[in-house]
Amino acid sequence: MSTPGSPRHLARALAAVFVAGPWQLDALVDRGGKLLGRRGRWLRPLVRRMLAAHGSGGRPPARRVAAFLLADGGLGRACGGEKPPSLAGGLWLPPVMNPAPGPPSTWTVPPILTPGELAERLGLTPAELDWFADRRLREPRLPDGPLRHYRYRWQAKRLGSARLVESPKPRLKAVQRRLLHELFDLIPPHDAAHGFRAGRSVRTFVAPHVGQHVVIKMDLRDFFPTITDARVTALLLTAGYPEAVARLLSGLCTNSVPAEVWDDPASPARGSEGWRLRRLYQQPHLPQGAPTSPALANLCAFRVDRRLSGLARAAGAHYTRYADDLVFSGGPEFARSVARFPIHVAAIALEEGFTVQTRKTRIMRRSVRQRVAGVVVNDRPNIARAEYDALKALLFNCVRHGPGGQDRIGHADFRAHLAGRIAYVSALHPSRGQRLSALFERIVW
C-alpha cells in the first residue's frame, strides 16, 4: 500500500492525470502542475524523459506510466527535497476521447467515454459487461458448463498437429459482432493485409506476385494467440478510448483457456512444444473462433506490416499478407538478395512480437511451381492442374451417375459445396470456371 505523499502515491496520481488527456509535453506538464498545485522545476524534465521512454504517438496504460515515474528517480528526489510535492486537493478530469496524433485522429470510431456508456451501447447492465469482459480471468477457473463464455474444440491440421478453436457462446458472440461492425471495421488496417477484409480476397493477395522471378512464402507461428490483450488495449488507447473503456473492450474480445482443455487426447500437449502452447493459450489472447479476432489481428499487425512493406520496397519487392501467410516477390534485383532476405523478415517479426516458422519458408524461382495460398502464380493466378482435373472428373461423374454417390465425405449441402469450388476457380481463371459451370448445369439434382 502507498501512503499519501509517498512517491508511490504521487506516481499513481500523476499517472492517472497524465493518461487522462493529450499525450503532449505542454499539456502533460500543465495537468501535472494543476494536480500538485505548482510546477516544480523537476516536472518538465521528468515529463520529457517519460515521453522519450514511451513515445509521443499514443498513451501507454496508467500502470506503466506509474512504474516509469517510480523507476526514473526524479520524483523520488523531488520528494526528498526541501519542498516535497503534494497533491493540491486532487484534480478531476472528465474522460475524453484522445486519439494519437496522425491517422488515428481521423478514425471515425464511436466515442465511448465511460464503462456505463459502453454497457448502454451494447444493451448490457454494468454487471453483465463486467461478466462478459472477464477482466478477473474467471474463465480458466470455472468448471465446464453454462458459466463459461467459450466452447473449445481441437481441429486437426496437416503434419499431425492440431489447432484450438475457441467459439464464443451466442450472447458473447452477438456482442462481438456489434463491436466488429460498429467499431473495429471503422479502423483501417495496413494496405498489405488482404485476409478478412471487404473487397479483398485470395486473388488480390496473390495478384502482385504473378509472373515474378522469385517468390518467398513465409508463415507466422501461432498468429492469433500471440496477439495478447495488452496489444488490443494499446490499439484502443491509440484510437482514443479512456483506459477503463479500452480494457473492457479488450476483455470482450480476448480469452484465457482453461488448463483442462489440454487434457483432450486431440491436443498437442506433449513435450516442450505442448508446454509452450499451454502457456501461450493461458494468457488472454485473441481466440480463433471469435468474429472480432480476424479484424483485430489485422489491426494489431499494422506495425509489422508497415516495416515489412518498407523492407520489401528497399529490396525492390512486393509484400502482401493473408492472416499468418507472408508473401514477398520481385524481379532480378530482388532475386540477387533473396538468400538473406528471410533472415531480415524473421528479425523484424521477432522485434514486433511474432515468430516465423522457418521450416515453412519457401523460396520459389520461376523454374518451379510458384504456389501461394493454393494458387499457382507462375504466369497467371490458377489452381494446380491436378486439382482442376479432379474437380472436373467429379462433376462429370455427377452428370453421368448422379450426385448421390459422389459425395463421399458427406457434406451438409453437396450442391452448395460444388458451386463454391467452381466459383473459386472462376475467380482465378474465368475460362476454366465456365467449363466447370457448364458441367454443373447438366447435373440432375
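The values are calculated or read from the model by the stated rules, or taken from the named source; none is laboratory data. Source: prediction; values computed, not measured. In this analysis, Cβ positions are derived from the backbone assuming ideal geometry, glycine residues included, and neighbour counts consider all displayed protein chains. For accessibility, only protein heavy atoms count, side chains too; no ligands or nucleic acids. Shrake-Rupley method; radii C 1.70, N 1.55, O 1.52, S 1.80 Å.
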Task: Tally of residues being in contact with a Pro (Cβ under 9 Å, 6 or more places away or on another chain) and over 15 Å from residue 20 (Cβ atoms) across segment 102-114 - done: 6
Open item on the list: Checking the condition open to solvent by less than 60 Å² (accessible area, probe 1.4 Å), among the hydrophobic types (A, V, I, L, M, F, W, C) and free of Cβ contacts under 8 Å to residues at least 60 places away in the same chain, which residue from 428, 395 passes?
Closed with: 395
Open item on the list: So if I check each of 78, 13, 67, which one is more than 28 Å from residue 236 (Cα to Cα) and either open to solvent by 10 Å² or more (accessible area, probe 1.4 Å) or part of a helix (DSSP H, G or I) (or both)?
Closed with: 78
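Looking at 383, 409, 422, which one is out of contact with any Gly (no Cβ under 8 Å at 6 or more places or on another chain) and under 28 Å from residue 325 (Cβ atoms)?
On inspection, the qualifying residue turns out to be 409.
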Open item on the list: Yes or no: segment 281-301 includes at least one residue that is under 18 Å from residue 157 (Cα atoms) and over 16 Å from the mean Cα position of the chain (by Cα).
Closed with: no
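Listed here are the residues, each with its yes/no results for (1) open to solvent by 60 Å² or more (accessible area, probe 1.4 Å); (2) farther than 17 Å from residue 241 by Cα; (3) not in a helix (DSSP H, G or I).
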site: 38; (1), (2), (3): yes, yes, yes
site: 44; (1), (2), (3): yes, yes, no
site: 60; (1), (2), (3): no, no, yes
site: 85; (1), (2), (3): no, yes, yes
site: 96; (1), (2), (3): yes, no, yes
site: 105; (1), (2), (3): yes, no, no
site: 116; (1), (2), (3): no, no, no
TODO: Tell me, please, whether a residue that is over 26 Å from residue 295 (Cβ atoms), of a type in the set (A, V, I, L, M, F, W, C) and open to solvent by less than 50 Å² (accessible area, probe 1.4 Å) can be found in segment 318-333.
DONE: no
Task: Filtered residues of segment 146-195 (kept if part of a strand (DSSP E or B), charged (D, E, K, R) and within 29 Å of residue 327 (Cβ to Cβ)) - done: 163, 166
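Rundown of residues vs (1) touching a strand residue (DSSP E or B) at 6+ places or on another chain (Cβ under 9 Å); (2) surrounded by fewer than 16 Cβ atoms within 10 Å (Cβ to Cβ); (3) closer than 26 Å to residue 201 by Cα, yes/no style:
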position: 356; (1), (2), (3): yes, no, yes
position: 379; (1), (2), (3): no, yes, yes
position: 401; (1), (2), (3): no, yes, no
position: 405; (1), (2), (3): no, yes, no
position: 413; (1), (2), (3): no, yes, yes
position: 438; (1), (2), (3): no, yes, yes
- [ ] Could you pull out the residue among 162, 192 that is small (Gly, Ala, Ser) and surrounded by 17 or more Cβ atoms within 10 Å (Cβ to Cβ)?
- [x] 192
Open item on the list: Residue under question is residue 294, and the condition is that it be open to solvent by 10 Å² or more (accessible area, probe 1.4 Å), touching a Gly at 6+ places or on another chain (Cβ under 7 Å) and at pLDDT below 95; does it hold?
Closed with: no
- [ ] For segment 131-150, indicate whether the set of residues that are among the aromatic types (Phe, Trp, Tyr), over 22 Å from residue 95 (Cβ atoms), at pLDDT 95 or above and open to solvent by less than 20 Å² (accessible area, probe 1.4 Å) is non-empty.
- [x] yes
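Where residues in segment 197-221 are closer than 16 Å to residue 383 by Cβ and part of a helix (DSSP H, G or I), which of them is most open to solvent (accessible area, probe 1.4 Å)?
Restricting to residues being closer than 16 Å to residue 383 by Cβ and part of a helix (DSSP H, G or I), the top hit is 203.
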Task: Condition met for residue 342 (modelled with pLDDT under 90, open to solvent by less than 60 Å² (accessible area, probe 1.4 Å) and under 30 Å from residue 305 (Cα atoms)) - done: no
Task: Cross-chain or 6+ apart pairs with Cβ under 8 Å, segment 120-141 first and touching a residue at least 24 places away in the same chain (Cβ under 8 Å), then among the basic types (Lys, Arg) and open to solvent by less than 70 Å² (accessible area, probe 1.4 Å) - done: 133/247; 135/247; 139/148
- [ ] Those residues that are of a type in the set (A, V, I, L, M) and either assigned to a loop (DSSP other than H, G, I, E, B) or under 18 Å from residue 151 (Cβ atoms) (or both), I need them from segment 284-302; list them, please.
- [x] 286, 290, 301
Open item on the list: Tell me whether segment 253-267 contains one or more residues that are at pLDDT 95 or above and assigned to a helix (DSSP H, G or I).
Closed with: yes
